[in-house]
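What follows is calculated from the coordinates using simple rules that are stated; it is not laboratory data. Bear in mind that the values here come from a model prediction, so they are computed numbers and not experimental data. With ideal geometry, Cβ positions are generated from the backbone for all residues, glycine too; neighbour counts draw on all protein chains shown.
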Amino acid sequence: MGGVELSRRREAEHIAMLGLPGGGKTTGVIYPVMDQALARGDRVVAHDAKGDITAARYDESTSVLLGPWDDRAATWDVGADFFDPSLVDEFASTLCGADEKTAGKNLSFHQGAALLIGGLIKSAMGSSKSWTWATLADELSRPPRVLIQRSALGDPLVMQALPTVFSNPDPDAALTTGEGAMLSILGIASRIVVQLAAVQKAKTNARLFSIRRWVLGERDT
């Protein structure tokens, strides 16, 4: 790397590069490091804000491009990465901010929102289908009572967290304040799901990229 040899240990640590524009940081350092890493079979993640690396090093046969603004981009095969109940619970909790630091005194409401979206995903998994952003967004667009009922198909605990729908058969029965809070948090947290679903629906022929497959060295579909 510019005549400087790095040990494998130091290579895995942070490196700061300082230099004037056009001084050779990219061509003299970044590209050689990437090329050497790829040559020995390592996998490389590049955050390419300016597009220089993509222009110089992108190869459809060996690279995966993640960026909905680019026609060559892949879409996230999220169902392949969150494929069992425990992983789904982790995903749902993170999405809904169901941790004490994020939610504070409203933790139970955030946990309820996570329970709802987790139940929807598990319900889709139970139908022998791999869930996608698009299918999840469709489920989230249902009326509140229907959404709660469908979520309970995937996780029976939903019936305990949001009991009104199951204890009162009246379709016009009002939900409790707590149940409404859970649904509100779910709606806000799910905005990213709707956005990713829109990308997936617009790129029906795009390559499906799985982080799990990438880490394991398996090929995408």
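Side notes on the structure shown:
- For the chain, a crude dipole built from +1 on the beta carbon of Lys and Arg and -1 on the beta carbon of Asp and Glu, taken about the Cα centre, is about 220 debye to the nearest 20.
- The eigenvalues of the Cα gyration tensor, multiplied by 5 and square-rooted, give the range 78-209 an equivalent ellipsoid with semi-axes of 24, 17, 14 Å from largest to smallest.
- Comparing D138, D99, D70 in a Gaussian network model of the chain where C-alpha atoms under 10 Å apart are linked, the largest mean-square fluctuation is found at D70.
- Cα lying deepest toward the dipole's positive end in the chain, options H47, L20, V194, charges on Cβ: L20
- Within the chain, helix-based [θ] at 222 nm, where runs of 4 or more DSSP H residues each add -39,500 (n - 2.57), nearest 500: -14500 deg cm²/dmol
- Placing unit charges on the Cβ atoms of the charged side chains and taking the dipole of the chain about its Cα centre, the candidate lying farthest along the positive direction among T132, G104, V146 is T132.
- For the chain, the tally of Lys pairs with Cα-Cα distances below 28 Å comes to 9, considering only residues 8 or more apart or on different chains.
- Rg to Rh, two decimals, where the chain supplies the alpha carbon set and Rh follows Kirkwood: 1.10
- Alpha-carbon Rg/Rh ratio, for the range 8-63, with Rh computed the Kirkwood way: 0.96
- Simple Cβ-charge dipole of the range 8-63, Lys/Arg +1 and Asp/Glu -1, about Cα centre, in debye nearest 20: 260 debye
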